[in-house]
1. Using the Kyte-Doolittle scale, find the helices of chain B whose mean hydropathy is at least 0.0 and whose Cα atoms extend 20 Å or more along the helix's long axis, counting only whole DSSP H runs.
2. Using the alpha-carbon atoms, what tilt in degrees (0 to 90, nearest 10) does helix A:288-311 show relative to the longest principal axis of chain A?
3. Which of A:V43, C:A98, A:L173 sits closest to the plus end of the dipole of the protein assembly as shown, meaning its Cα is farthest towards the positive end, when Lys and Arg get +1 and Asp and Glu get -1 on the C-beta?
4. What lysines does A:K246 reach when the alpha-carbon gap must be under 23 Å and sequence neighbours fewer than 8 apart in one chain are set aside?
5. Lys and Arg at +1, Asp and Glu at -1: add these up for the other residues within a Cβ distance under 15 Å of D:E177 and post the number.
6. Does anyone have the angle between helix A:381-391 and the longest principal axis of chain A? Alpha-carbon axes, 0 to 90°, nearest 10?
7. Placing unit charges on C-beta atoms (Lys and Arg positive, Asp and Glu negative, everything else neutral), compute the dipole magnitude of the protein assembly as shown about its Cα centre in debye, rounded to 20.
8. Number of Lys pairs in chain D with C-alpha atoms less than 27 angstrom apart, excluding same-chain neighbours closer than eight positions?
Amino acid sequence: MSLEPRTDPNPPTAEPETPAKGPAIDAQALHQEILDLGTQGMVMNMGPQHPSTHGVLRLILTLDGEEVMACEPMIGYLHRGLEKMAERRPYRHFLPFTDRLDYVCSLANNLACAQAIERLAGVEVPERAQWLRVALMELNRIASHLLFLGTFGTDLGATTMLLYAFREREEALALLEAITGARLTYNWIRVGGLPDDMPENWDKGVLAFCDLLESRLPEYDRLLTDNPIFRRRTEGVGVVSPEDAKAYGLTGPTLRASGVAYDIRRWAPYEKYAEIDFDVVVLRDGDTFARYLARRLELEQSVRILRQVFDKLPEGPIASKVGKVLKPPPGIAFSQVESPRGELSFTMVSDGSPNPVRVHIRAPSFANLTVLADLVAGNKVADVVAILGSIDIVLGEVDR
Amino acid sequence: MGEVSPDLQSRVVKFPGGGVLVAGIDEIFNWARSNSMWSLTFGLSCCAIEMMATAASHYDLDRFGILFRATPRQADVMIVAGWVSVKMAPFIRRLYEQMPDPKHVLAMGGCACAGGPYRDSETIVKGVGEIVPVDVFVYGCPPRPENLIHGLIKLQERIREESILGIKSREPITVGG
Amino acid sequence: MMERDFGSALRTALAGLPEGAVESLEVSGSVATLRVNLGSLRAVLESLKSFPEAACDFPANLTAYDTGEEMFLVYRLASIERGWQALVLCRVDRSEPAAPSVTDLWPGFNWFEREVYDMFGVRFEGHPDLRRILLPDDWEGFPFRKDYVSRPSGSPLRGPQPIDRGAQG
Amino acid sequence: MIAQALENPWIRQLVNAAMLLAVINLGVLVLIYLERKVAGYIQSRLGPVHVGPRGWLQSVADAVKLVLKEDIIPAPADRFMFVLAPFFVFVPVLAVFLVLPFSSGWVAYDFSLAALYVIAAGTVAIMGIVMAGWGTNNKYSLLGGLRSAAQLISYEVPVVLAILAVVFFAQSMSLVEIAEAQRGFRWFIFQPPLLVAAFVYMIGQLAETNRTPFDLPEAESELVSGFHTEYSGIRFAMFFLAEFANTFFASALAVVLFFGGWDGLPGLTGALWLVLKSYVLVFVLMWIRWTLPRVRVDQLLGFAWKVLVPIGLIVVLWAAASVVYARGVAR
């Protein structure tokens, strides 16, 4: 698809020759002439300051009236060069920076980074720490999916959904704050385990939150899932076939909504996910509604996981001994974590010195965004916002 | 309000009842302006999520009359929430200039105030103060909703001190992290 | 069991290639690490994707790293049905980095290749539009190379911005 | 001397209009406050609280602040259209209030073709919106302006059909007579054809006043802020007030047409009944706004032409048939 707007192949001559007097105008010829007039698309700029708060993404849309002919996403407005800064610091000093990547689910980044260093340096993580990491990850996933429900509703006009979703999210943040001390940027996973154990009856708080959330889910369904206007706005819009989804490297709910069962928690289980019984949400039709529903159903799976974690939580140390200076052996290692947006993977290369040679962050939002340009062509402007919202990207991890 | 020459200020006060007149008008104008601060939705990164949480039902900015408007033309306060990159700076400057007077800027978060943890990053502007004049710095990474509300209240107090005869000292207020 | 049939599947897939193509191949767990020389990189990747046994059709990750003396491209391809992954490492000449583009095989790598070009200067022949993706377009130099001299970040609006403290416009 | 001046019909009309203007603006300020409070309670939060006693003065503060803002006319804008657009949107909304009968005596100008006048004046606002969209020379407002023109025109037809059905029953176009015909709780809403007409009318008015689920023109998340993207200060205040005045008028007219105007229990005077009933209807409109998502443009227009207009036509035929049948029985 060429990105230039459809320019007029042959500009009309100065003055159209006047048809001979008398004969009826040939309607077919007139119609054809109008068709090859070839209107020029209007180039419109959506973003970088854009009301549907996905951060700073600029879409250059070529519009033909209400239809979108071509769309070119421009990113880089939040680029900080984090990976270059990682090369100037010892391995473990980079952990606090990872909170600011996917700032909606920071614990996933912490875990991915810590896991990569553990695999590189061969550090073992005690049982209790692994179980607690799973609990933290799922709680953070619930908070992230709740934010998605809110912003996706606002994109389609249902602003009340944002307020309801944030009301539950505040409960989740309060719980996360009780254990980690922060609301958004936790920095609570260390190489080899966790910095501290959970406060007592924190697990009761989490289980109470699970019951509260499950009682509120029907309310979300009444507001969005079963709402005919919402259904008509999202069903059949922006359909991604399973082959395209795989070819574009989509991951997470965006991929699973198209029918490809690829969830790192089940595909390459890490921490204690192999011993937890939960099912991967895989839908079929791959449109905007399926992507929304995939995340909405994952909320229930996360609640199910949280309920199993605490009765299998063993006693024991919370972190394993790691030396003052960490010099991993030369080599390359990568970690894979299922973040709410998809497969988050840190690739680290070491040459034996305390600082890494290279830290590459494979951000799921970065990969998922590549499909936007081709998905949006041919839809309406209102659909662009719906499709962008359904892919659920966070610009912090796209631009790194 | 254009820049008012200082001697006008003294002449007006000398005018019998002038001081009261000016004070009266100031009172009404500042009451209206401070109680209806419409803010420009300008979320950049993690602080934007915390700004949304502050605007949500738990902390609710609507109580103070703060409404989020999408266009700079109808905004009085620009809350810069997040780190500002070199590529984004011209847009912030243009948005600031598109806002009608009297306008204020609240820099939210360590990154907007002074570049935050990205001291050695090459593409991050060390604080939005280099691009637009900032009234209130709210530190924190991200600042808790209470901090942001504290900063907004400080901004309201600052607006209440303003006078149509030109602003007194414009030292920026800093709210701790 | 996993190693044996993944290893054997890989060997059969790569059998058709010329001798020096694959320098080394080890399989640990469900991840195979291949070192490939630049000349036959494209052929190896194509066979990994098309060969039914290997069926690595999922573009997981593409990046590069520069150790100061030599620069490597890192491709990671996964096969979702079979549950294994192939990590392909390929040395690239540091002074004139160039590599064949695989965007036609996996459209997902389009932006990854643009990012590697943006940060390392590796020119991918055959890429639809190889431009900078993250950095501003007028940025000189490729920041992630070890020999890159980092520029102090002056104010973006060319020099310190005079803060008009007194004048309230 | 004042009594003498009041005799002259022109002066009386002027005083009427001025009084009406004051009442409407006050009513609109209350309405804006109500909207933010209702939105707050629906969204499980408080809404304005700190400004004045329990937040009552919030919209006063907003209005005064908007008046004080710098008046920006963007350079590329077409000055003439940009400046005139707010008046073309604001004045028709006020002009339409002239014929609204608050109570039998209380009507600014009793006009035998009042219903027709209401529809005609309502369409002038469309021109204002398109002028605003085109005048600001900004892509977002252009799209917003054209969208709202299409929306208003296509939802004008169902509203007209609904009013036509009511006119059949009341045998007159004057709103006062329409309300008179419903005295003593014989409200038109109880007539089956007019019950459907009421629904068609309300949905049509929802679109006329650009409220969710039809608030396409200033769709927040898509077109930044639609046709009034470039307006600031007092000019934007006019659009803001016009939208709320239009909402109040839509529900007040619905009360007159379907819910018996000032007819109510003898306790209160007639006018208060009308205002009370219209506030109930306004509450329903607000309730809809804060629960439903937005409709897409083509669905919006499709819904108007494929669903609302056919139902409107059926209602008109049904109403006509039932009136003829009723007259036949009566003779």
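1. B:18-35
2. Roughly 10 degrees, rounded to the nearest 10.
3. Going by the Cα projections, it comes out as A:L173.
4. Filter leaves C:K49.
5. Values: positive: D:R183, D:R186; negative: D:D110, D:E180, D:D263.
So the surrounding residues net to -1.
6. 20 degrees
7. With only Lys, Arg, Asp and Glu charged at Cβ, the dipole is about 2040 debye.
8. On the way: D:K37/D:K65; D:K37/D:K69; D:K37/D:K277; D:K69/D:K139.
Eligible lysine pairs with Cα atoms under 27 Å apart amount to 4.
Coordinate-derived values only; no laboratory data. Just so it is clear, the model here is predicted, and its values are computed rather than measured. Counting neighbours? That spans all protein chains shown, and the Cβs are built from the backbone with ideal geometry, glycine included.
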